[in-house]
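Below you'll find the structure, written out as C-alpha cells, and then a few comments.
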Amino acid sequence: MKKTEITETLQITLLGRKYKTTLTEKYKNRKIWKKPDPQEIYSIIPCTVSAIYVSENSGISKGEKILEFEAMKMKNILTSPFAGTVKKICVNEGEKIAKGVLMLIIENGEKDEEPTTSTSPDLIG
Amino acid sequence: MSLLNRKISELAERKARAEQGGGEKAIAKQIAMGKLPARERISQLLDKGSFFEYDLFIEHDARGFGLDGKDLAGDGVVIGTGSINGKPVAIFAQDFTVAGGSLGSMHARKITKIMDYALKMRMPLIGINDSGGARIQEGVNSLAGYGEIFYRNTIASGVIPQLSVILGPCAGGAVYSPALTDFVFVVDKISKMFITGPEVIKSVLGEEIDMESLGGARVHSEITGNAHFFAKSETECFEQIKSLLDYIPSHNDCKQTVSCMSNNSPGPRKSFKIDKIVPVDPTKPYDVRDVIKAVTDESKFFEVQQMWAANIVVGFGRINGTSVGFVANQPLVLAGVLDCDSSDKAARFIRFCDAFNIPLVTFEDLPGYLPGVDQEHAGVIRHGAKLLYAFSEATVPKVTIILRKAYGGGYIAMNSRHLRADFVFAWPLAEIAVMGPEGAANIIFKKEIMESENPDATRKAKVEEYKQKFANPYVAASKGYIDAVIDPVDTRKYIINALEVSKEKFIKVPDKKHGIPPF
C-alpha cells in the first residue's frame, strides 16, 4: 500500500493492484481533517461580537458567559463549555467576523473529562 | 432413564452449549471491552421472562477456508420475540463472541426470518448490531445476506418501526441497515460506524484519524446526524429504547398511540409559565423546549437527535394522553435558522410521524434560512425543500403556533397554512412578514432614506413604521392565513381542541405510485 505520485492524477497501489484516478477541484480544495482542540473556540456563524464579558488570564467556571455575538437578528450568548482559564482573546468588541474564526482560547481546568471530538459550545440566552 | 428423559436432557445439553455463544473466554473478552454479551443485552431490554428464542440450533453451511466442521453457536446471532412494557417486539442481537459477530449466509437468514416475522405480525423490530462485518470466508453469500436485510428494511419502512442499536463495531456495508431504519441508538466509546476505516483512509488519502474521531458515538450524534440517541452506557441506552417505544405505535395501522407506562394525563407542571418563556425583544434567545414542556402532559418531552442540528428541536410528547410529534425552531442555537442539516432532521422526523399517524405540532420562531456560501454550496435549496415536501405531504393532524418571528421562506416552510396546516395560531408577539423590519424598510424606503437630510433618523422612523404596520400577526389574520391570535396561556387548550376535532381527518391525495422527495 503506497502512494507513488500526486499530481493531477493520483496512482494508488492497494493490495497489489494499481489504481489511477483523476483529481477533481473539490478533492484538491478539501479541508484536511485535524483533530479539534476543544480549548479553541471558533465562531460557528458569521457575526458581530457585541460584548466580551471576560478578560485574558481570568478564571472561568462552566456555563459562565464569555461573550455576546449578534447573528441572524439574534443576540447570542456564548458560555464556557468547561471550567478553566481564558488564555487568549482573539476578537474585539464590535468586530465583524466570519464563520470559523478563532475567537478565544480557554485552558481546560477539568482535564479528566475532555471530549474526544469537537463540540460546539452551548449557546444559551 | 427413559428414552423421553434422555431426549429431554440431550435438548438441555444442546441448548446450554449453544447459549454459551463463543465460550467463557470470548465472553470475558467482550465484558473487558465494556460490552454486555448478546443474551444479557436482550434480557436487560425486554420484559422479564418475555423472550422466546428461535433458530438456536442454526449451523453455518460454509465449506471452505477452514470453516468446514467449525462450530459457530447460533451462527453468531440471537433472534426471537418478546415484549417491552407489554408491547410485543421482534429482536435480533449479533453475538460478537462468535466469530466476531461476522455475517454469513445463515446468520443473515436468521435476521431476515425475524424481520419477516416482525413485518407479518406487525410489531417493532429492534436490531442490536455488534459485528466485525461480512464473514469473508463466505464470500458473495455474505454480501447476498446484507442485500436481503437492506431490502427488508426498505419494504418494512413506514409499516413497522425499526430501531437499530449499535453496541460495537458496525462497519462497511453493514452500516446501511441502521441507516435505512427509523432510529439509531449509540453508546459512548462502544459504538463505531463507518464505511471505510482509519487504515483504508490512511493508505488511500494519507489522512490520519482514530476510530473514535472517525465514527464514534459522539461523532454520529453531533456531526453526522446518523444517530438519533446518545447514551453513556448500555443500560441507559435500553431505557431510551423503552421510552421511545412508549411514544410510537407497533405499526402504521394504529390510529393513535397511548402510553403503556402511564395512563393518566395530567396537565403540564406548574413550573413552566408559558407566558414568561419567550422574551418580547425578538433579539433575545430562549430555550424553545420550555415552551414544549409547558404544553405537554407532565411536562415530559422526549427529544430526538438532541445534539445534531440543534437549531431545530424534534421529539415526542403527549397531549391528553396521546403521542404528538413536536417540531420547533430553537432560538438558542444559531438563532433558530433553517439550514441544510436542520431541514434534513425535521423532514425525516415529520415523515416518521406521518407514516405512523402521530399528529404534528409546530412551534415557530425563526429569522429564515441561513445565508452563506457554504450553505448554498452544500445544497441548501435541495435540503431545505425536504422540509416543504415533508410538511406538505403529511396528512396527520397538523397544528402550527407562531411564537414570535416568522419571516420569508421560513414562514412558508414551517408548516404554514399554505402547506395545509389544519390550524395555525399566533401569539400576540408574532411578527409575520416577508422579511425582518430592518431589511424590509431599507428596501421599500430606499429612495426616501437616501434623499433624506438625516438618513439614519429616517431609516429608524421607517423601520418603526414597518414594524407597526406589518411586524404583527394581524395582517396574516386579516387574510385568514392564521386562524386565531391567542393568549400564550391558552396554547395547550387550543392544541387539545385542534387535535380533538381533527381526529377523523381525512385527506384524499391523487393516486400515484409514490412521490419523489428531494433526497
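Filtering region B:460-501 to residues that are of a type in the set (Lys, Arg) and under 37 Å from the mean Cα position of the chain (by Cα) leaves B:Lys479, B:Arg492, B:Lys493. For the residues B:Arg289, B:Arg269, the requirement of being closer than 27 Å to B:Arg351 by Cβ and among the basic types (Lys, Arg) singles out B:Arg289. Can you find even one residue in region A:57-69 that is within 11 Å of chain B (Cβ to nearest Cβ) and either in a strand (DSSP E or B) or surrounded by 14 or more Cβ atoms within 10 Å (Cβ to Cβ) (or both)? Within region A:57-69, one or more residues are within 11 Å of chain B (Cβ to nearest Cβ) and either in a strand (DSSP E or B) or surrounded by 14 or more Cβ atoms within 10 Å (Cβ to Cβ) (or both). Within region B:414-448, the set of residues being part of a helix (DSSP H, G or I) and surrounded by 24 or more Cβ atoms within 10 Å (Cβ to Cβ) comprises B:Ala441 only.
Scanning region B:269-285 for residues that are more than 18 Å from B:Ala426 (Cα to Cα) and within 12 Å of chain A (Cβ to nearest Cβ) gives B:Thr283, B:Lys284, B:Pro285. State yes or no: is B:Lys405 touching a strand residue (DSSP E or B) at 6+ places or on another chain (Cβ under 9 Å) and of a type in the set (D, E, K, R)? Considered against the rule, which asks whether it is touching a strand residue (DSSP E or B) at 6+ places or on another chain (Cβ under 9 Å) and of a type in the set (D, E, K, R), B:Lys405 comes out as yes.
Counting the residues of region B:471-507 that are under 14 Å from B:Phe423 (Cβ atoms) and either open to solvent by 80 Å² or more (accessible area, probe 1.4 Å) or in a helix (DSSP H, G or I) (or both) gives 16. How many of the residues making up region B:329-375 are among the polar types (S, T, N, Q), within 14 Å of chain A (Cβ to nearest Cβ) and open to solvent by less than 10 Å² (accessible area, probe 1.4 Å)? Result for region B:329-375: 3. Within the set B:Arg63, B:Arg17, the sole residue that is assigned by TED's automatic domain parsing to the domain that holds B:Leu163, surrounded by fewer than 19 Cβ atoms within 10 Å (Cβ to Cβ) and either in a loop (DSSP other than H, G, I, E, B) or of a type in the set (Val, Ile, Thr) (or both) turns out to be B:Arg63. Evaluation of B:Lys255 against the conditions (1) more than 14 Å from chain A (Cβ to nearest Cβ); (2) modelled with pLDDT under 95; (3) open to solvent by less than 50 Å² (accessible area, probe 1.4 Å) shows that the sole unmet condition is (3).
Among the residues of region B:229-247, is any within 14 Å of another protein chain (Cβ to nearest Cβ) and touching an Asp or Glu at 6+ places or on another chain (Cβ under 9 Å)? Looking for residues that are within 14 Å of another protein chain (Cβ to nearest Cβ) and touching an Asp or Glu at 6+ places or on another chain (Cβ under 9 Å), one finds at least one in region B:229-247, hence yes. Of all residues in region A:9-40, exactly one satisfies the criterion of being in a loop (DSSP other than H, G, I, E, B), more than 19 Å from A:Val101 (Cβ to Cβ) and open to solvent by less than 60 Å² (accessible area, probe 1.4 Å), namely A:Leu23.
Of the residues making up region B:24-60, those that are assigned to a helix (DSSP H, G or I) and open to solvent by 40 Å² or more (accessible area, probe 1.4 Å) are B:Glu24, B:Lys25, B:Ile27, B:Ala28, B:Lys29, B:Ile31, B:Ala32, B:Arg39, B:Glu40, B:Ser43, B:Gln44. Exactly one residue among B:Phe302, B:Phe326 is open to solvent by 10 Å² or more (accessible area, probe 1.4 Å) and at pLDDT 95 or above, and that residue is B:Phe302. Residues in region B:349-402 that are within 21 Å of B:Lys503 (Cβ to Cβ) and aliphatic (A, V, I, L, M): B:Ile350, B:Ala355, B:Ile358, B:Leu360, B:Val361, B:Ala394, B:Val396, B:Val399, B:Ile401.
When you look at A:Ser43, is it modelled with pLDDT of 90 or more, within 21 Å of the chain's Cα centre (by Cα) and open to solvent by 40 Å² or more (accessible area, probe 1.4 Å), yes or no? No, not satisfied. The one condition from (1) β-branched (Val, Ile, Thr); (2) loosely packed, with under 12 Cβ neighbours inside 10 Å; (3) part of a helix (DSSP H, G or I) that B:Ile516 does not meet is (3). Of the numbered criteria (1) over 21 Å from the mean Cα position of the chain (by Cα); (2) open to solvent by 50 Å² or more (accessible area, probe 1.4 Å); (3) among the basic types (Lys, Arg), the one B:Lys405 fails is (2). For A:Thr48, the criteria (1) within 14 Å of chain B (Cβ to nearest Cβ); (2) surrounded by 12 or more Cβ atoms within 10 Å (Cβ to Cβ); (3) part of a loop (DSSP other than H, G, I, E, B) hold in every case but one, which is (3). Among the residues of region A:76-84, not a single one is open to solvent by 60 Å² or more (accessible area, probe 1.4 Å), within 24 Å of B:Leu338 (Cα to Cα) and within 14 Å of chain B (Cβ to nearest Cβ). For region B:458-470, a tally of residues being among the charged types (D, E, K, R) and buried (at least 19 other Cβ atoms within 10 Å of the Cβ) returns 2.
The values are calculated or read from the model by the stated rules, or taken from the named source; none is laboratory data. Quantities reported herein were computed from a predicted structural model and do not represent experimental measurements. Ideal geometry is used to build each Cβ from the backbone, glycine not excepted, and the neighbour counts take in all protein chains shown. The accessibility values were calculated without ligands, DNA or RNA, using every heavy atom of the protein model including side chains. Shrake-Rupley method; radii C 1.70, N 1.55, O 1.52, S 1.80 Å.
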